[in-house]
Amino acid sequence: MAIPREKLYITPSPLEDDVTCPNLGGTNEPLIDYNVVLKTDATNYDSVVKNHFEMLEKCLQRERHNVHELDFSSIKDNNNVIFDFSVKGMIAGYTTKFTKSFVENYLSKLHEVAIVNENKVIEDPFENEFVKQAPLVRKTVRPVAKMPNLDRIDQENYPLNLKYIYPDSAGAGVDVFVVDSCVLKVTICNAIFYALIKNVIIIITFYFRGIFLEHEEFQGRQGKTVVEKTFCGNNLADENGHGTNVASIVGGKTLGVANYANIIGVKITGKDCPLNAQNIINGITYVMQQKANDPGRKFVLNLSVTSSDAAVGEVASKAVEAGIHFVAAAGNRNLDACGFFPGKVETVVTVAATKITLNQDWATEFTNWGKCVTLFAPGEKVPVAGIGNSSEITLDSGTSLSTPHVSGAIALMLAEGDSTPEQSKEGLLKIATKDKIKGLDYRPTANVLLRIRNAVI
């Protein structure tokens, strides 16, 4: 439906006390979505937020909504809304529409504005992923003959021993947030949803989907599995299965690295909800808000997507400062990972992908590389839960499948004792397998492969 002409432009209005609003742009300029991050610290947070938002509300005559509490299906006109993703004391910012001239001539020059970027849709968020293979026959025992990805990460050297050995705590008590596509089918009746929602695990994987809670990998787990929040209206469905894939690696009953961890789905993309920087930011700051609400909880945030928006990097950096263990995909373009956010952020754990060929570890052809990569993890032909039916298991490839291996490994560490994000990153590197990965001659990257802290045999 066409947008009424009068809603395509900003009409200036006076501030109180006869103070004139800044020039908001010409009457023929279209509105563009922008993500804005403000400069705040412990001493000025309240004053900066108060003054800046008061200016916006008075000049734009728009409603301001907290995205962490908002039902997005209730918003009928995005042109007249300020989407506030601030978390008190941690991050301040918002998404709304401005004219380009207003941003360039006024907003970007304000002392309190750290970043202002156009909110662009990510055209191909999954890049080279979803290399589907033939379905596997289910294997319900923890010997892992058909799961070489798990077999590889619990030992330093070949040959693989056909076992996956891990601490008895198995990630218990750790919340892994999977920010992704939601996998709960909308056709499932309310009674089934109520029964399933009692089993929740927390994973933050920014891959725009949720979790197919009906799958056998999430049934009968000690950890809980739940889809907690959607930024795509009220639709919790996982239309493409990516969130389910990721969640099953983090903590699936037989496929998961840390199968007692709590998995929490946060939906940031879907069929009628294109992925953009705004929803990535909303997903990250949602987890930050949960951390602010309960600082004692142990949080891992798994983000399996890349963005060119520096605002995503800034928010990720603030999430780590807040004590959230942040794991991100390096990306699948065979490019320098330093060209993408949040992987470029030094405090984020950025994960590249390997494959196993004739008892050797190789960097995959598609993986991003470079000095911004923290370590590698298995990422080709990885067994994952599918959404075709409740027992479907398929083989998928991509750095977004490598990333949840590392999120699960951090959950194993946190279940054994407290650590800061900096300490968990150091711990990963200390016990990792060194100098085994081939195929890096022309892609200079630290030769470090994930190895979990396992039980003594």
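What is the spin-label model distance, in nm, from ASP77 to ASN44 if the labels are put 7 Å beyond Cα along the C-beta direction?
Placing both labels 7 Å beyond Cα along the Cβ direction yields 3.5 nm.
Per the Kirkwood treatment, what hydrodynamic radius in Å, one decimal, follows for the stretch 39-107 from the mean inverse distance over all distinct Cα pairs? Working shown, then result.
Working: mean 1/r = 0.0765 Å⁻¹.
Taking every pair of different Cα atoms in the stretch 39-107, averaging 1/r and inverting gives 13.1 Å.
Could you let me know the centre-to-centre spacing of the stretch 279-317 and the stretch 39-89, using Cα atoms, in angstrom?
18 Å
Taking all pairs of distinct Cα atoms, average 1/r, flip it, and tell me the Kirkwood hydrodynamic radius of the stretch 337-427 in Å to one decimal place. Working shown, then result.
Details: mean 1/r = 0.0694 Å⁻¹.
In the stretch 337-427 this quantity evaluates to 14.4 Å.
What do you get for GluC sites (Glu not before Pro) in the stretch 27-91 restricted to DSSP loop and a cutoff of at most 15 other Cβ within 10 Å of the site's Cβ?
Details: sites: GLU54, GLU57, GLU63, GLU69; in loops: GLU69.
Hits after loop and neighbour filter: GLU69.
Using amide H atoms built 1.01 Å from N in the peptide plane, name the residues 5+ places from ASP396, or on other chains, whose amide H lies under 5 Å from its own.
LYS381, VAL382, VAL384
What percent of all Cα-Cα pairs in the stretch 375-446 falls in each 5 Å bin, counting up from 0?
Going out from 0 Å in 5 Å bins, the stretch 375-446 shows 3, 13, 18, 19, 18, 13, 9, 5, 0 percent.
Where does each of CYS372, CYS21 land when they are ranked from fewest to most other beta-carbon atoms within 10 angstrom?
On the way: CYS372 23, CYS21 18.
Fewest-to-most ranking of CYS372, CYS21: CYS21, CYS372.
Classify the stretch 148-449: rounded, prolate or oblate, from the alpha-carbon gyration tensor (a ≥ b ≥ c, eigenvalue square roots; a/c under 1.5 rounded; otherwise prolate if a/b is larger than b/c)?
Since a/c stays below 1.5, the shape of the stretch 148-449 is classed as rounded.
No lab work stands behind these numbers, since they all come straight from the coordinates. Worth saying up front: this structure is predicted, and the values here are computed from it rather than measured. Heads up, the Cβs are rebuilt from the backbone with ideal geometry, glycines too, and the neighbour counts pull from every protein chain shown.
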